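Enquirer: Quick one: structure below, then a few questions.
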Amino acid sequence: MKKETLVAIILGLGLGTGVAFFLVFKTQEKKIENTKTISNNITNITKTPTDKNQSDFKPLEIIEPENNQITDKKNITIKGRAVKGSLIVIQSPIKELIIENKEEAFTADFPLALGENTILILAYNNKVQIEPQTKELKVYYLEE
Amino acid sequence: MKKSVFTISMFIFIALSFTTVLAQDEDATSPADIVTPSITESISNENIQDFKDNLASKFAELNKNKKAAAGFITEIKDNKIKIKTNENSNLDIKIDPDLTKIYNIEQSGLKELKMTDLKNSAYIIVVGLPLENTINANYIYQDKPFVVKSGKIVEVSKSDYSLKVTTTDKDDYTLDVESSTKQQIMNIKTLEVGRVGFSKIKEGDTIHFSFALKESNAENNRYSVTRFLIIPQEYF
């Protein structure tokens, strides 16, 4: 084979390989870019509603006392959790208590009547006129 | 050569044995002596601790089970009472004539009662150990049940001083406001609670109220309200 032919073949192969690699590399880069764009869009779509929903729908939770609990004390500590900024109303046949819930957790010292005390705890969320969240407990102040 | 190797090996062997003998401590006791007293001691300590733990858990279990049940008496027979609870389930109460104590809850305190003082439709609170649908009563307290609700005022009747209310449970009540009713309102700015006159109550206001439950009023849902708190609609 002539020298010139050999050189031509080598150059041809080299150039061809280079072009092929370039094309493959560019295609992969574009694929990655497209995937990123789509996933970003999805994140953007779902992010805001999720954040908003979570803060609105936290249930009213009473940590203590337990329902049907017996105590020999004239007062009971009521502990619970509710949406921050909600208005908490604690009512019984002998007392009503209003708490502005500045944090999520709330605590209140509540008086008891001798015998059965039906205690209703309501949380009005952020001044929105929707149905309040409610929990009802019975606590028994009994002397044995 | 072989002789000298043998001699040197013997010498090394003897030297090593000698040092091993010297290394033994005179004061060391046998393994059996060391182990036996601590095993016995640890077993007895373990038994005592187990016993204490069992006792503590039994007490905790007993105290945990000590919750009250309450309801209206539906039947009294011999030393058994049947009640219908607030959750609408039926419970059997067993009374021990020697051990069960029965009281009436009054404003001044507790007044002791006899089994014969309890009547059908009376509301009682029972304290004792529950076993499925039966409670072996330690104490029985006769009490007056109260209902606590909240809702919206749908009608204010100035002619007969009554309020029609729809509760958060979607029940309708007619509440008679008496001279003895404690009437209160929340200040929407300070959140403080103060007295309110009947004329200031408006339809659409939120009301939190309570009344004494009487079976006789159950049909028409009309009750004398003992106290209420108004949250003005302007707050929302």
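The values are calculated or read from the model by the stated rules, or taken from the named source; none is laboratory data. Bear in mind that the values here come from a model prediction, so they are computed numbers and not experimental data. Positions of Cβ are backbone-derived with ideal geometry, glycine not excepted, and every protein chain shown enters the neighbour counts. When the accessible area is computed, the model is the full protein with side chains, heavy atoms only, and any ligands, DNA or RNA have been set aside. Shrake-Rupley method; radii C 1.70, N 1.55, O 1.52, S 1.80 Å.
Enquirer: Sorted by accessible area with a 1.4 angstrom probe, largest first, how do B:MET186, B:MET10 fall?
Expert: On the way: B:MET186 5, B:MET10 80 Å².
Most to least solvent-accessible, the answer reads B:MET10, B:MET186.
Enquirer: Still on this structure, I have one more. Among B:PHE209, B:ASN187, B:ILE231, which residue has its Cα furthest toward the positive end of the charge dipole of the range B:174-232, with +1 on Lys/Arg Cβ and -1 on Asp/Glu Cβ?
Expert: B:ASN187
Enquirer: Let me ask you something else. Find the centroid of the Cα atoms in the range B:159-224 and in the range B:118-154, then give the distance between the two in whole Å.
Expert: Comparing the Cα centres of the range B:159-224 and the range B:118-154, I get a distance of 24 Å.
Enquirer: Oh, and also: Please check which bits of the range A:82-103 a label hung off B:GLU234 would reach, taking the label as a point 7 Å along Cα-to-C-beta and the cut-off as backbone N under 18 Å.
Expert: none
Enquirer: Over the range A:64-144, how many percent of alpha carbon pairs lie in each 10 Å bin up to the one with the longest distance?
Expert: For the range A:64-144, the binned pair fractions read 19, 51, 24, 6, 0 percent.
Enquirer: Under the 0.36 nm per residue contour assumption, what length would be gained going from the current alpha-carbon distance of B:ASN220 and B:SER157 to full extension?
Expert: Contour length minus the Cα-Cα distance gives 21.0 nm.
Enquirer: Right, something else. At 0.36 nm per residue, minus the direct Cα-Cα distance, what do B:GLN107 and B:ARG195 gain on full extension? Give it in nm, one decimal, please.
Expert: Numbers: separation 88, 0.36 × 88 = 31.68 nm, distance 2.45 nm.
Length gained, B:GLN107 through B:ARG195: 29.2 nm.
Enquirer: Assuming 0.36 nm per residue, please report the length gained on full extension of the stretch A:THR107 to A:LEU23 beyond their Cα-Cα distance.
Expert: Details: separation 84, 0.36 × 84 = 30.24 nm, distance 6.74 nm.
Fully extending the segment from A:THR107 to A:LEU23 adds 23.5 nm.
Enquirer: Whole-Hz ³J(HN,Hα) for each residue in the range B:224-236, computed from phi via Karplus 6.51 cos²θ - 1.76 cosθ + 1.60 with θ = phi - 60°, x for glycine and proline: what do you get?
Expert: With the stated coefficients, the range B:224-236 comes to 7, 7, 7, 7, 8, 10, 9, 10, x, 4, 5, 5, 8 Hz.
Enquirer: Output the pairs from A:LYS73/B:LYS164; A:LYS95/B:LYS82; A:LYS138/B:LYS149; B:LYS84/B:LYS144 with a Cα-Cα distance over 25 Å in this structure; if there are none, say none. Walk me through the intermediate numbers first.
Expert: Numbers: A:LYS73/B:LYS164 36 Å; A:LYS95/B:LYS82 32 Å; A:LYS138/B:LYS149 13 Å; B:LYS84/B:LYS144 15 Å.
Exceeds cut-off: A:LYS73/B:LYS164; A:LYS95/B:LYS82.
Enquirer: Output wanted: per-residue J couplings in Hz (rounded whole) for the range B:152-169, from phi through Karplus 6.51 cos²θ - 1.76 cosθ + 1.60, θ = phi - 60°, x for Gly and Pro.
Expert: My calculation for the range B:152-169 gives 10, 7, 9, 8, 10, 9, 7, 6, 10, 6, 10, 10, 9, 10, 10, 7, 5, 7 Hz in order.
Enquirer: From the C-alpha coordinates alone, can you work out the Kirkwood hydrodynamic radius of the range B:162-236, in Å?
Expert: This gives a value of 13.0 Å.
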